[in-house]
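Heads up, the thing below is written out as structure tokens.
The values are calculated or read from the model by the stated rules, or taken from the named source; none is laboratory data. For clarity, every value in this text was computed on a predicted model and none was experimentally measured. Using ideal geometry, Cβ is built from the backbone for each residue, glycine included, and neighbour counts are taken over all protein chains shown. For accessibility, only protein heavy atoms count, side chains too; no ligands or nucleic acids. Shrake-Rupley method; radii C 1.70, N 1.55, O 1.52, S 1.80 Å.
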Amino acid sequence: MNIKAIRGTKDVLPQEAKIWRAIEEKARSLFALYGYGEIRTPILEEASLFTRSIGQSSDIVRKEMYAFADRKKRMLCLRPEATASVVRAFLEHGLDKDNQLVKLYYFGPMFRAERPQAGRLRQFHHIGVEAIGSSSPYLDAEVISLAVEILGKTTLKGFTVHLNSIGSQQDRSNYKLLLKKELKDKLKRLCADCRQRYKLNLMRIFDCKNSACKAIIHELPTINESLGEESKDHFKKVQEIIDSLDIPYTLNPYLVRGLDYYTHTCFEIVHPNLGAQNALGAGGRYDDLTHDLGGGKIPAIGFALGLERIIAALEPQKTMPDPGCVFIAVLGSEAMELGFKLLHSLRRQGISSEIDYQGKSLKAQMRLADRLGSRYVVILGEDEIKKQKAVLRDMREKTQNEVSLSNLVKELGR
Ligand code: HAM
């Protein structure tokens with residue numbers, strides 16, 4: 001039998017890879033604009049990095065880590081996320097030493113042994129940032145605005161930012177005590193999973209999709225009522241700043257996040273095109289994580305967007321980030337001669353261009369241009385050559401006009 005890709009992993013072929021690259025490039029230019037530097041950390045880490053940060057009782061650590069003992073019997077794992085890795089690297093390389101705010105970004109594969117389904121892969125890819133060294137609510141706003149800007153630049157529409165605060169560790173301990181008390185005599189009405197969560201990871205009950213559990217959840221006090229004064233002030237300020245930037249968001253008191261390291265602000269960006277796995281990305285503050293991983297207490301915030309989910313949400317929209325490619329459609333040998341020269345000069349100017357080498361009909365060339373995601377098609381036929389002109393078609397705007405051949409390269413380079 002032929003060997004196939006492992007379930008829950010996927011090959012990205014050139015056509016789709018082009019879209020990945022376009023999204024990554026949009027993100028990269030925003031990272032430069034916002035002053036974030038790139039970090040690349042290993043995919044392989046010590047498993048304890050994640051048990052200590054994401055938490056022993058989290059779903060990721062309990063059920064989803066690709067962990068194994070190496071030949072020296074050390075427990076290693078494929079990283080399930082990169083926040084813990086970035087904080088490890090931050091501490092390991094002494095980036096905490098001069099008390100500066102350190103702003104980092106990363107791209108890369110993450111691994112979780114989840115049950116594969118639509119939107120849920122075992123190897124998926126994050127575009128993420130971590131800003132370590134400040135508790136300013138303005139930094140929360142910067143990070144949220146950066147996530148929103150990246151999604152906007154991909155041409156994606158219709159996503160919603162859900163925002164909440166889960167307070168400090170102390171606020172959360174108080175809240176958990178309150179929840180335990182409230183839920184004690186409702187336990188029988190909860191599903192088996194939630195009864196398990198009650199013992200192991202109480203706040204995960206807020207993620208339960210069971211309708212009976214949902215009804216009970218809505219009778220419970222929310223975390224917002226357990227926030228101390230400082231936490232409340234921080235959250236209020238974050239909202240004021242985001243309001244002043246006109247970034248729309250929805251307050252969601254049931255957003256608690258599945259990773260233990262979060263404190264205070266947390267957010268998730270959801271999209272209706274995605275079905276049950278509707279999060280495009282998520283993030284939040286993790287003010288205790290540097291301390292939990294052996295450093296001083298350095299406040300920080302970040303997010304990660306799921307690249308496959310962004311692409312899945314874009315698909316029904318039929319718009320993709322502009323890969324900027326030009327297709328030269330030619331009719332006849334004279335047009336091919338001229339078209340080939342044009343191709344060469346466009347490429348020399350750094351404009352990605354394609355031509356048909358298979359003698360396809362005009363209709364088939366247009367289909368190919370579409371399949372390649374070309375933004376512009378230059379059509380060269382006998383008539384056009386006689387007039388020393390070409391038809392320039394804008395594939396996105398669905399408009400076309402005649403451009404003189406001498407102006408074409410300039411026109412496309414704009
Ligand atoms: P997360 O919510 O676990 O957060 O993952 C972030 C995003 O990755 C999700 O919203 C989703 O788009 C995507 N994702 C997660 N699991 C899968 C999967 N199995 N298949 C496909 N896509 C998936 C984190 O990982 C945090 N490290 C985010 C963060 C950074 N917080 C602070 N800094």
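Just the residues that are over 19 Å from Val403 (Cα atoms), modelled with pLDDT under 90 and open to solvent by 100 Å² or more (accessible area, probe 1.4 Å), please, taken from segment 348-366. Hit for segment 348-366 is Arg348, nothing else. Just for helices (runs of 4 or more DSSP H) wholly inside segment 204-307: which have at least 1 residues that are within 16 Å of the ligand (Cβ to nearest atom) and either at positive phi or out of contact with any Gly (no Cβ under 6 Å at 6 or more places or on another chain) (or both)? Per the criteria, 229-244, 289-292. Quick one: would you say Glu24 is open to solvent by 40 Å² or more (accessible area, probe 1.4 Å), among the acidic types (Asp, Glu) and either assigned to a strand (DSSP E or B) or under 20 Å from Lys103 (Cβ atoms) (or both)? So Glu24 fits the description; yes. For segment 44-89, a residue qualifies if it is under 26 Å from Lys297 (Cβ atoms), in a loop (DSSP other than H, G, I, E, B) and touching a strand residue (DSSP E or B) at 6+ places or on another chain (Cβ under 9 Å), and the qualifying residues are Arg79, Pro80, Glu81, Ala82. Collect the residues in segment 48-99 that are open to solvent by 30 Å² or more (accessible area, probe 1.4 Å), within 14 Å of the ligand (Cβ to nearest atom) and hydrophobic (A, V, I, L, M, F, W, C), keeping them in residue-number order. Once the filter is applied, which keeps residues that are open to solvent by 30 Å² or more (accessible area, probe 1.4 Å), within 14 Å of the ligand (Cβ to nearest atom) and hydrophobic (A, V, I, L, M, F, W, C), segment 48-99 yields Met65, Leu78.
Do the conditions hold for Leu280, that is, is it touching a Lys or Arg at 6+ places or on another chain (Cβ under 9 Å) and surrounded by 23 or more Cβ atoms within 10 Å (Cβ to Cβ)? For Leu280, the condition - touching a Lys or Arg at 6+ places or on another chain (Cβ under 9 Å) and surrounded by 23 or more Cβ atoms within 10 Å (Cβ to Cβ) - is met. A residue that is more than 32 Å from the chain's Cα centre (by Cα) and open to solvent by less than 40 Å² (accessible area, probe 1.4 Å) occurs nowhere in segment 153-175. Per this entry, Ile311 is counted among residues that are surrounded by fewer than 20 Cβ atoms within 10 Å (Cβ to Cβ), closer than 28 Å to Val129 by Cα and either within 18 Å of the chain's Cα centre (by Cα) or away from the ligand (no atom under 14 Å from the Cβ) (or both). From the list Ala329, Ala390, Ala369, Ala304, the lone residue that is crowded, with 18+ Cβ neighbours inside 10 Å, within 30 Å of Ala89 (Cα to Cα) and not aromatic (Phe, Trp, Tyr) is Ala304.
Of the residues making up segment 30-43, those that are assigned to a helix (DSSP H, G or I) and either touching a residue at least 40 places away in the same chain (Cβ under 8 Å) or within 14 Å of the ligand (Cβ to nearest atom) (or both) number 3. One residue stands out among those in segment 393-408 that are over 35 Å from the mean Cα position of the chain (by Cα) and open to solvent by less than 30 Å² (accessible area, probe 1.4 Å): the one that is nearest to Lys18 (Cα to Cα), which is Leu408.
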